[in-house]
Amino acid sequence: MLGEQRVLLSLDSASSSRSEPDLIISQDLTSGSRQRVLGSLEVLWGQKRGQTESLVNHCSKKYKVASGSGNPETRGWHSEMEDADQTVEANTSELIGGIGRELAISCLLRLPRSYYCAVACVNSSFCSLIRSGELYRLRREARIVEQMIYCSCNVLEWDGFDPNRQRWFSIPSMPPIECFTLADKESLAVGTNILVFGRKVEAHVVLRYSLLTNSWTTGEMMNTPRCLFGSASFGEKAIVAGGIGENGTLSSAELYDSEMQTWTTLPSMNRARQMCSGFFMDGKFYIIGGKADKPNEILSCAEEFDLEKGTWRLIPDMACGLKWWKWCSTSCCCRE
């Protein structure tokens with residue numbers, strides 16, 4: 001919505017709406033194995049401390065737009081590791097000496113995601129593993145759920161919060177593109193990406209932050225660019241619906257695949273709407289409220305999209321009970 005600071009909740013595994021129990025970070029990792037892994041990481045980190053200390057600090061520095069270009073500079077972990085460790089050949093067959101690759105990856109799956117930046121700086125093998133996305137794919141398959149909150153409280157600044165460990169961490173700042181410094185922006189967390197949408201005078205702009213590279217790049221544009229839309233994510237997929245396009249309020253919707261970085265046009269909704277809200281529940285996408293194309297027409301209906309059938313279902317009169325609630329609240333009454 002206009003004028004509000006967006007707070008994003010990103011899940012890097014399957015949706016929590018599934019019935020199977022999810023694994024909690026470090027739940028099934030024995031203390032002995034965990035101590036051995038952390039000890040090995042500490043040894044490796046100590047060996048590389050002189051070369052990589054500056055790289056960890058670099059994770060929180062601002063990324064600048066390349067001189068004379070409108071595209072953000074995308075220098076990430078991989079190039080940084082090449083500078084710091086050009087003589088070390090990546091050996092992904094054995095990440096942590098003595099315990100083998102399979103057990104090492106099993107341990108790293110349960111390492112808090114907020115530490116992945118430091119892990120990527122240990123050596124080229126760890127950097128390649130983080131950038132490949134293999135850990136995130138295996139976490140989804142193992143139903144390892146870790147919630148992270150990403151928020152932007154300043155114009156270009158972003159921070160992450162690990163609620164399990166009550167730990168804040170920084171991510172690179174957005175490139176100083178004018179439309180993001182002078183106007184509102186909309187954001188969406190999906191899979192291992194954060195998408196930020198803005199609009200210049202002549203065109204729309206999309207920036208994409210990747211957890212794999214810890215960097216910002218230009219994102220893929222929607223088939224029908226828009227703003228003031230409703231959206232929600234479900235694992236590595238997201239849906240945006242409604243909003244304002246070049247010709248007014250939209251009824252169209254699109255599906256985003258964060259792994260393929262592609263937009264697919266979905267069937268249109270029954271009603272065009274803008275400034276609406278979206279969410280997933282029980283495997284279905286819902287869009288609620290918003291404004292219609294007519295001036296001052298507030299919509300009291302919602303719509304449900306069935307991903308399997310590819311159809312929308314109109315839910316009328318969603319806000320009928322709000323009239324009673326408005327009278328109740330002004331009369332100092334409470335409804336149990």
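The values are calculated or read from the model by the stated rules, or taken from the named source; none is laboratory data. Worth saying up front: this structure is predicted, and the values here are computed from it rather than measured. Using ideal geometry, Cβ is built from the backbone for each residue, glycine included, and neighbour counts are taken over all protein chains shown.
Return yes when residue 115 is surrounded by 20 or more Cβ atoms within 10 Å (Cβ to Cβ) and among the aromatic types (Phe, Trp, Tyr) and no when it is not.
No, not satisfied.
May I ask you to verify whether residue 165 is in contact with a Pro (Cβ under 9 Å, 6 or more places away or on another chain) and on the phi > 0 side of the Ramachandran plot?
No.
Grab the strands (runs of 3 or more DSSP E) fully contained in the stretch 128-217, keeping just those with 3 or more residues being closer than 30 Å to residue 104 by Cβ.
Fully inside the stretch 128-217 and qualifying: 147-151, 159-162, 167-170, 204-210.
When you look at residue 291, is it buried (at least 19 other Cβ atoms within 10 Å of the Cβ), over 23 Å from residue 203 (Cβ atoms) and not small (Gly, Ala, Ser), yes or no?
In short, yes.
Can you tell me which residue among 192, 217 is out of contact with any helix residue (DSSP H, G or I) (no Cβ under 7 Å at 6 or more places or on another chain) and under 29 Å from residue 137 (Cα atoms)?
Only one candidate passes the filter, namely 217.
Name every residue in the stretch 218-256 that is out of contact with any Phe, Trp or Tyr (no Cβ under 6 Å at 6 or more places or on another chain), among the charged types (D, E, K, R) and in a strand (DSSP E or B), in order of residue number.
237
Out of the stretch 172-185, which residues are within 30 Å of residue 112 (Cα to Cα) and either surrounded by 21 or more Cβ atoms within 10 Å (Cβ to Cβ) or at pLDDT below 85 (or both)?
Result: 172, 174, 175, 185.
Would you be able to say whether some residue in the stretch 149-161 is in contact with a strand residue (DSSP E or B) (Cβ under 8 Å, 6 or more places away or on another chain) and under 19 Å from residue 237 (Cα atoms)?
Taking every residue of the stretch 149-161 in turn, at least one turns out to be in contact with a strand residue (DSSP E or B) (Cβ under 8 Å, 6 or more places away or on another chain) and under 19 Å from residue 237 (Cα atoms).
Among the listed residues 269, 318, 260, which satisfies the condition of being in the same structural domain as residue 227 (by TED's automatic domain parsing), assigned to a loop (DSSP other than H, G, I, E, B) and under 20 Å from the mean Cα position of the chain (by Cα)?
Sole residue among the options that is in the same structural domain as residue 227 (by TED's automatic domain parsing), assigned to a loop (DSSP other than H, G, I, E, B) and under 20 Å from the mean Cα position of the chain (by Cα): 260.
Any idea which of (1) buried (at least 20 other Cβ atoms within 10 Å of the Cβ); (2) outside the structural domain of residue 273 (by TED's automatic domain parsing); (3) not polar (S, T, N, Q) is the one residue 202 doesn't satisfy?
(1)
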